[in-house]
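Some notes on the structure that comes next.
The values are calculated or read from the model by the stated rules, or taken from the named source; none is laboratory data. Note that the structure is predicted; figures quoted are calculated from it, not measured. Every residue, glycine among them, receives a Cβ derived from its backbone with ideal geometry; neighbour counts consider all protein chains shown.
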Amino acid sequence: MRMSKVVRTAADILFPFVLIFGFYIVVHGHLTPGGGFQGGAVIATAIVLLIAAYGYDAIARRITKDALRNTEALGLIAFIATALVALALGAGFFYNWLAGTGLLFGMPVGFGPNPGDLNTGGTIPLMNLAVGIEVLGALSLIVLYMLSGTQEAA
Amino acid sequence: MKRVIMAATVAVLLAGFLAPVIGLDFGEPAYTDMDEYFVQHGQEQTGGNNIVTDVVFDFRGFDTLGEATVLFVAVLGVGLVFRTLRGGET
């Protein structure tokens, strides 16, 4: 069941901005309020907006449950893998092995109050990304599952 | 009658739990040692600027792992329930 053309056009226009805002919250999780859970929820909201505008059938054909299931599992695996690499390097589970190494996200952070740099934080941004991927898959999957089991989908 | 007794019990329990809280001043908990520690040492120990994210993803990484697992299992449960409601769609 799809909504009127006005709603569909508004959803089309809003969709990329909601996506960008969600990714911004995820990527800047170690600098600004927010993080993986919050940003993932915002991205899932964008998918739910599409479902509300175009109806379950049209969206479920493009965004399949299989793809979302894989996305969710991939996020959780990436999260655990990031924590496990620290064990392989001889440190404790969840040790921040990237911080201060100069690699990706590895710039040393300035102590005291400072505006912040995106290229700091070590494994924290990586874990934010992994959790964001997992939450976006999980929340949209919940909505798709619930719609597939109700009258609306038929 | 039973309902009245239940409501009275709940009310008394709630009052008992809330009574010690009423006297507290806002923003002044009794122990602030951990807060001070996180604010003072968070940056150098985790390498992140945002103390909240430092706590969530570094000091309490296990907690976040549990949260992610809970979300995963929640999706599993929703899938199990709603899959069988109408025609067994996967």
Any idea how many residues of the range A:33-45 are free of Cβ contacts under 8 Å to residues at least 40 places away in the same chain and not in a helix (DSSP H, G or I)? 2
Within the range A:111-128, identify whether any single residue is surrounded by fewer than 24 Cβ atoms within 10 Å (Cβ to Cβ) and in contact with an Asp or Glu (Cβ under 8 Å, 6 or more places away or on another chain), and answer yes or no. yes
In the range B:71-90, which residues are at the interface with chain A (Cβ under 7 Å from one of its Cβ atoms), surrounded by fewer than 16 Cβ atoms within 10 Å (Cβ to Cβ) and hydrophobic (A, V, I, L, M, F, W, C)? B:L85
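Could you check how many residues of the range B:42-70 are exposed (fewer than 13 other Cβ atoms within 10 Å of the Cβ), more than 17 Å from the chain's Cα centre (by Cα) and more than 10 Å from chain A (Cβ to nearest Cβ)? It would help to see each step written out before you state the result.
Just the residues of the range B:42-70 that are exposed (fewer than 13 other Cβ atoms within 10 Å of the Cβ), to begin with: B:44, B:62-63, B:66, B:70.
With more than 17 Å from the chain's Cα centre (by Cα) added as a condition, the list becomes B:44.
Subsequent filtering for residues that are more than 10 Å from chain A (Cβ to nearest Cβ) retains none.
The total comes to 0.
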Hey, among the residues in the range A:86-132 that are within 14 Å of B:G42 (Cα to Cα) and among the aromatic types (F, W, Y), which one's modelled with the highest pLDDT? A:Y95
Filter the range A:76-105 down to the residues that are within 18 Å of B:G66 (Cβ to Cβ) and facing another protein chain (nearest Cβ under 8 Å), then identify the one that is surrounded by the most Cβ atoms within 10 Å (Cβ to Cβ). A:F79
When residues of the range B:41-50 are filtered for being under 11 Å from A:P113 (Cα atoms) and either hydroxyl-bearing (S, T, Y) or in a helix (DSSP H, G or I) (or both), how many remain? 1
With the structure loaded, tell me whether B:D25 is exposed (fewer than 10 other Cβ atoms within 10 Å of the Cβ) and acidic (D, E) or whether it fails that test. yes
